[in-house]
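Have a look at the structure below before the remarks.
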Amino acid sequence: MIKFLIKGLIRDKSRSRLPIIVVTIGVALTVLMHAYITGFMGDTVEMNAKFTNGHVKVMTSAYAENMSQLPNDLALLEAGKHLEELRRRYPDFEWTARIQFGGLVDVPDSIGETRSQGPAIGIGVDLLSANTGEPERLNLKKSLVKGNLPVRPGEILLSDAFATKLQVVPGDRITLIGSTMNGSMAMHNFVVSGTVSFGIELLDRGTLVADVEDVRLALDMPDAAGELLGYSAGGFYDDDHTLAMADDFNASYKDSDDAYAPVMKGLSQQGNMGMYVQMSKVWSAYISLVFVFAMSLVLWNAGLLGGLRRYGEIGIRLAMGEEKGHVYRTMIYESVFIGLAGSLTGTALGLFFAWLIQTYGIDISGMMKGASVMMPTTIRARITPMDFYLGFIPGLISTVTGTMLSGIGIYKRQTAMLFKELEA
Amino acid sequence: MEINTMITIRNLEKRFPVGKDEFIALRDINLVFGAGEFAGLIGPSGSGKTTLLNILGSLDVPSSGEAVVLGYSIGNLNAKQAAKLRKEKLGFIFQSYNLLAVHTVFENVEFPLLLLNIPKDERNRMVMDALEWVGLTGKVRSKPPQLSGGECQRVAIARAMVKKPSLVLADEPTANLDAANSHHILKTMETLNRELKTTFIFATHDDKVISYLRRKIFLLDGRVDKDEVISAR
Ligand SMILES: Nc1ncnc2c1ncn2[C@@H]1O[C@H](COP(=O)(O)OP(=O)(O)OP(=O)(O)O)[C@@H](O)[C@H]1O
Ligand SMILES: [Mg+2]
């Protein structure tokens, strides 16, 4: 009997191959969609991570409390030693020192008089050391509008709009006027190596990007850093993992009431980012749910149609004396088989495409000239554990439910009508 | 009751609800069929032939009165018991063959035996016997779409006969066949009736079928109009 059913299942393409293909496509789309949404939502978070928050940030507890004011007088000392410790303890993260600072940019004319002036926000990042990943992280090369990236100490990048406002071109000298760690006035000269445009209003209004060593020199912050940022080597922010790491790190300092002791804060523990992360989780769940629901309807319908289409066959089997319960059960076994086969291949297929998009990305830089950073130039999917089982909800459950519901027709069906139906 | 009484129908009435009213499809039916009969329900369209066949086949139940088939009172069987009766004792032949299209001739004929859990060797023998009765041993591996209408109906006969049922119910079995094929399958059924002592009851208005019958029960508006037994043929 089982052999008979399997033969029927395999030979009847509209009973096996077609539904399996439908389920496969539906499941693959669900998985891919979820991975894509997760990737897309995650990218916004990643952008913020890259520019300001890191996946985690280590700073003094005093700095942490006033983070929005960029209080470099509360910066972490012995940054090199701390970086080393972080690299040793958490080798699955990439660690780098940054200094965010505010100041005034003064552009002198040929005799040293002020030609133009403007307030600026700067970041000191590691541009020049051997294995720094920072220029790539900030997408500097693609954001370059004029000139070059800094290649030697003393060079600086200006946002292009700011440079235009100050009437500065690459090669010009500017003076940064700021305050040192100790609160006294600092003045330092830079040569503009190039201008950049990030496509982010906030950054393009007046931003400086300089090598962190130059900033230390300018602001008299030897071996200090406002922030040590950590980036997961995997490239994606993982809230749970990161917060666990932060707890682990902070535990080593929990007895210290030193305001200059380091604290580690995950991205979601910094300012509004917590809300963002939460929101992206909610949205990803919400959109996935809608998609799962839609696919469920489709697959359920396919299950229903499959049942209806087999009315004739089932009628014959009932007339031959097969019990209704038996017919019903075999239909459900078949749908479990179809749902499983489709879900497995669909999940594999969806994961494969998601992996492709995760690894290679879809390059949309052509569509967004001028290299914006906030809108990533490559869309990347992101595979999460959920993608391994999410597809089974529409794939297996809906297919089987659809069959169950259509199968109720078997019970409702009057055997008295069999002859008439079979005559048709 | 005689030992070879197959079917006893007493005061049978069948009513169908039609809107708020009832339509009486069969009324006052009293018939007895013995084992080995080759009988036909004959009558114009709408006279109640299929309705009566349905009841005898345990696919429907009488509204009142009684139909006892092989000792089972059809009105008192539950779905399971009715399925068991069909599975073990009854064979059906339909106007439109109703074969399973993706299964081979062999598998179509084998199906009733699978329901009966008959072991494989015996099953193979029985299927081949049945195909021999209908002259289709050469088409064992063919599938219904590759067969002619006459061949399909012969497969259907083999399927109905393979388990050697006590009773075969055939509703307009020749309606889709030409004259030559009709005679062919009728001769086959006549032979099986004679050799296996299987009772056949037809529903038909086809003269070709009628000419083979040894008992003609004429239905008119749900009543038995005439019940003729042809003694010798
Ligand atoms: N389920 C039903 N509901 C209502 N009326 C029905 C039902 N089944 C049959 N009838 C009616 O009962 C009558 C007898 O129907 P039946 O199918 O038995 O006729 P028949 O003799 O087989 O006709 P035909 O030669 O056209 O097949 C018809 O008038 C039909 O409309
Ligand atoms: Mg009829």
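The values are calculated or read from the model by the stated rules, or taken from the named source; none is laboratory data. Note that the structure is a prediction, hence the values are computed from the model and not measured. We place every Cβ from the backbone using ideal geometry, glycine too, and count neighbours over all the protein chains shown. Quick note on the areas: whole protein, heavy atoms, side chains included, nothing else; ligands and nucleic acids left out. Shrake-Rupley method; radii C 1.70, N 1.55, O 1.52, S 1.80 Å.
Quick check: anything in the range B:83-100 modelled with pLDDT of 95 or more, open to solvent by less than 60 Å² (accessible area, probe 1.4 Å), in contact with a helix residue (DSSP H, G or I) (Cβ under 7 Å, 6 or more places away or on another chain) and away from chain A (no Cβ under 11 Å)? For the range B:83-100, residues modelled with pLDDT of 95 or more, open to solvent by less than 60 Å² (accessible area, probe 1.4 Å), in contact with a helix residue (DSSP H, G or I) (Cβ under 7 Å, 6 or more places away or on another chain) and away from chain A (no Cβ under 11 Å): absent.
Every residue, every condition in (1) away from chain B (no Cβ under 14 Å); (2) over 25 Å from the mean Cα position of the chain (by Cα); (3) of a type outside the set (A, V, I, L, M, F, W, C), yes or no:
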site	(1), (2), (3)
A:11	no, yes, yes
A:21	yes, yes, no
A:49	yes, no, no
A:56	yes, no, no
A:62	yes, yes, no
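A Cβ distance below 6 Å, combined with a sequence gap of six or more or placement on separate chains, defines the contacts here; from the range B:209-222, residues that are more than 11 Å from residue B:42 (Cβ to Cβ) reach residues that are more than 12 Å from ligand 1 (Cβ to nearest atom) and open to solvent by less than 60 Å² (accessible area, probe 1.4 Å) in the pairs B:212/B:186; B:212/B:190; B:214/B:38; B:214/B:230.
For the range B:155-176, taking the residues that are within 16 Å of ligand 1 (Cβ to nearest atom) and open to solvent by 10 Å² or more (accessible area, probe 1.4 Å), the one that is nearest to the chain's Cα centre (by Cα) is identified as B:172.
Mind listing whichever residues of the range B:10-50 are more than 17 Å from residue B:228 (Cα to Cα) and β-branched (Val, Ile, Thr)? B:18, B:24, B:50, listed by residue number. Scanning the range B:44-62 for residues that are facing chain A (nearest Cβ under 10 Å), farther than 15 Å from residue B:9 by Cα and open to solvent by less than 10 Å² (accessible area, probe 1.4 Å) yields one hit, B:59.
Condition check ((1) of a type outside the set (D, E, K, R); (2) open to solvent by less than 30 Å² (accessible area, probe 1.4 Å)) across all residues:
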position: A:235; (1), (2): yes, no
position: A:238; (1), (2): no, no
position: A:245; (1), (2): yes, yes
position: A:264; (1), (2): yes, yes
position: A:273; (1), (2): yes, yes
position: A:301; (1), (2): yes, no
position: A:304; (1), (2): yes, no
position: A:310; (1), (2): no, yes
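Scanning the range A:8-43 for residues that are without any contact (Cβ under 8 Å) to a residue 40 or more places away in the chain and part of a loop (DSSP other than H, G, I, E, B) gives A:12, A:13. Looking across B:52, B:99, B:59, one residue alone is within 16 Å of ligand 2 (Cβ to nearest atom) and not in a helix (DSSP H, G or I). It is B:59. A single member of B:26, B:70, B:52 is in contact (Cβ under 8 Å) with a residue 24 or more places away in the chain, within 15 Å of the chain's Cα centre (by Cα) and within 15 Å of ligand 1 (Cβ to nearest atom), and it is B:52.
Checking B:120, B:87 one by one, the residue that is touching a residue at least 12 places away in the same chain (Cβ under 8 Å) and of a type in the set (Lys, Arg) is B:87 and no other. Out of B:143, B:120, one residue alone is out of contact with any helix residue (DSSP H, G or I) (no Cβ under 8 Å at 6 or more places or on another chain) and of a type outside the set (Ser, Thr, Tyr). It is B:120. Here the range A:143-200 is the region considered, the condition is being farther than 17 Å from residue A:123 by Cα and among the polar types (S, T, N, Q), and the residue that is least open to solvent (accessible area, probe 1.4 Å) is A:184. The combined condition, being more than 16 Å from ligand 2 (Cβ to nearest atom), more than 9 Å from chain A (Cβ to nearest Cβ), touching a Lys or Arg at 6+ places or on another chain (Cβ under 7 Å) and modelled with pLDDT of 95 or more, is fulfilled by residue B:66. Among the residues of the range B:101-142, just one is more than 13 Å from chain A (Cβ to nearest Cβ) and at positive phi, namely B:135. Taken over the range A:46-80, the criterion of being charged (D, E, K, R) and touching a residue at least 12 places away in the same chain (Cβ under 8 Å) is satisfied by A:46, A:50, A:57, A:73, A:78.
Here is a check on your reading of the model: is residue B:41 surrounded by 23 or more Cβ atoms within 10 Å (Cβ to Cβ), modelled with pLDDT of 95 or more, assigned to a strand (DSSP E or B) and among the hydrophobic types (A, V, I, L, M, F, W, C)? It is true that residue B:41 is surrounded by 23 or more Cβ atoms within 10 Å (Cβ to Cβ), modelled with pLDDT of 95 or more, assigned to a strand (DSSP E or B) and among the hydrophobic types (A, V, I, L, M, F, W, C).
Across the range B:22-34, the qualifying residues are those that are surrounded by fewer than 17 Cβ atoms within 10 Å (Cβ to Cβ) and out of contact with any Asp or Glu (no Cβ under 9 Å at 6 or more places or on another chain), and the one among them that is nearest to residue B:191 (Cα to Cα) is B:30. Note on the range B:178-207: residues that are within 16 Å of ligand 1 (Cβ to nearest atom) and either loosely packed, with under 15 Cβ neighbours inside 10 Å or aliphatic (A, V, I, L, M) (or both) total 3. When residue B:140 is tested against (1) over 20 Å from the mean Cα position of the chain (by Cα); (2) crowded, with 18+ Cβ neighbours inside 10 Å, just one condition goes unmet, and that condition is (2).
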